[in-house]
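One structure is given below, encoded as structure tokens.
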Amino acid sequence: TLSEDDAWGISREVATFKALRDTLRTGAGTLLSPQAAPHHGPAWDVLQVTPEGFRPIVIWAVQSDGAVEEIVVRPVGLRARWMYEVRSIDAGPLGVVSGATLMADGVAVTAWPHSAAHVLVLTPVRSR
């Protein structure tokens, strides 16, 4: 049988997928890192999925090289004047930032011991 923590964790993952499935189903994917390769590929693989309209953008960052502990992820194609709530699926809210700042400065993604995969969600909140 599942522990209460395991059941909660599964429930959380299902809720996350349900919240993002429209973006995942209809969005366009863009690589933000060099193409992955079986040998000597990039230290991190980063993919952005952007839907049409006023819906969340999803960014996956997967650490491929344990020696490279951080990457700065710079999303593309954001609306420069829009504000975006930046949230890590695992760490929670990271702040509200303009599209221009996100595209120029990016978001630092740091390795952590629980998983090599990180998911960021950029939710448009208002125009500036």
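The values are calculated or read from the model by the stated rules, or taken from the named source; none is laboratory data. Predicted model only: the values in this text are computed from it and were never measured. We place every Cβ from the backbone using ideal geometry, glycine too, and count neighbours over all the protein chains shown. Quick note on the areas: whole protein, heavy atoms, side chains included, nothing else; ligands and nucleic acids left out. Shrake-Rupley method; radii C 1.70, N 1.55, O 1.52, S 1.80 Å.
Data for the structure
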item: Rg(Cα)/(2.2 N^0.38 Å) for the chain, N = residue count; result: 1.10
item: Average accessible surface area per residue within the chain, 1.4 Å rolling probe, Å²; result: 61
item: In Hz, Karplus ³J(HN,Hα) per residue of region 31-36 (6.51, -1.76, 1.60; θ = phi - 60°; x = Gly, Pro); result: 6, 9, 10, x, 4, 4
item: Nonlocal amide H pairs with SER33, under 5 Å, H built at 1.01 Å; result: VAL46
item: Value at 222 nm in deg cm²/dmol, rounded to 500, when DSSP H runs of n ≥ 4 in the chain each add -39,500 (n - 2.57); result: -7500 deg cm²/dmol
item: Ordering of 52-59, 24-31 by packing [mean C-beta count within 10 Å, highest first]; result: 52-59, 24-31
item: Computed over the chain: relative contact order in percent, which uses C-alpha pairs under 8 Å that are six or more apart; result: 23
item: For region 72-117, the spread of Cα positions along each principal axis, largest first, Å; result: 35, 17, 13
item: FRET efficiency estimate (nearest 0.05) - Cβ-Cβ, ASP6 to ALA116, R0 25 angstrom; result: 0.75
item: Rounded percent of accessible protein surface that carbon and sulfur make up, region 6-128, 1.4 Å probe; result: 55
